[in-house]
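Inspection log for the structure reproduced underneath, given as structure tokens.
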Amino acid sequence: MTSKNGIRHRSTRRGSALATAVVVTMLIGTLALLTVTVATRSQQEGSASSSELNAFYAAEAGLNQAWVELQNGGDGALGSEKVPEELGGLLYWVEANAVDADVTSLVATGTDGHADSRVELIVRDMSGEVTDFGIFGERGLTLRSNSWIDSFDSTLGTYASQVSGGFALSN
């Protein structure tokens, strides 16, 4: 550009479009990188959460199975860390420890190979309670039509000797 007195001046705006394009490109690249990083992190967290949940479910399943075994006269121990039980691709084992004569601690560990979960159940043996052998009602008892009550008189002999039509029916 030439001024009135013939001196040439350089334009101060030369190259500003290139600088703006570079800055905008860098901002877009930064936003794209940030988006990819957030998406990857979200996927990793979801995968970790799924692993933890699967491990918890495996431990819960083992704990339930150990409790049923304990109720049926077993000791409640299932598998071991070295030889675990398998359930649908998940692994679990349950350790049973007597706390005292009537209380047992069941500790189940579940894993999916990536995450582990431990769950504990304290079980008290209540067998031998009078409520195990009968039904009681403080103000009466209502039974549905598909319920049966049976009894026998032990002074007359065994239950089997008093059965008539499938039931003793002595009362």
### Query
Residue check: is GLY113 outside any strand (DSSP E or B) and within 25 Å of GLN44 (Cβ to Cβ)?
yes
### Query
Within segment 41-63, can one find any residue that is of a type in the set (S, T, N, Q) and assigned to a loop (DSSP other than H, G, I, E, B)?
no
### Task
All but one of (1) open to solvent by 70 Å² or more (accessible area, probe 1.4 Å); (2) under 23 Å from GLY110 (Cβ atoms) hold for LEU34, so report the exception by its number.
(2)
### Message
Consider segment 77-110. How many of its residues are part of a loop (DSSP other than H, G, I, E, B), under 18 Å from the mean Cα position of the chain (by Cα) and without any contact (Cβ under 8 Å) to a residue 12 or more places away in the chain?
### Response
1
### Task
For segment 65-86, name all the residues that are open to solvent by 80 Å² or more (accessible area, probe 1.4 Å) and in contact with a helix residue (DSSP H, G or I) (Cβ under 8 Å, 6 or more places away or on another chain).
ASP75
### Query
Among the residues of segment 123-140, is any touching a residue at least 60 places away in the same chain (Cβ under 8 Å), farther than 30 Å from GLY165 by Cβ and not hydrophobic (A, V, I, L, M, F, W, C)?
no
### Message
Quick check on my filter: what residues within segment 116-142 are part of a loop (DSSP other than H, G, I, E, B), open to solvent by less than 80 Å² (accessible area, probe 1.4 Å) and either at pLDDT 75 or above or closer than 19 Å to GLU85 by Cβ (or both)?
### Response
GLY137
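The values are calculated or read from the model by the stated rules, or taken from the named source; none is laboratory data. Keep in mind that what you see is a predicted model, and the values were worked out from it rather than measured. For neighbour counting, all protein chains shown are included, and Cβ atoms are generated from backbone atoms with ideal geometry for every residue, glycine included. In case anyone asks, the SASA skips ligands and DNA or RNA and just uses the protein heavy atoms, side chains included. Shrake-Rupley method; radii C 1.70, N 1.55, O 1.52, S 1.80 Å.
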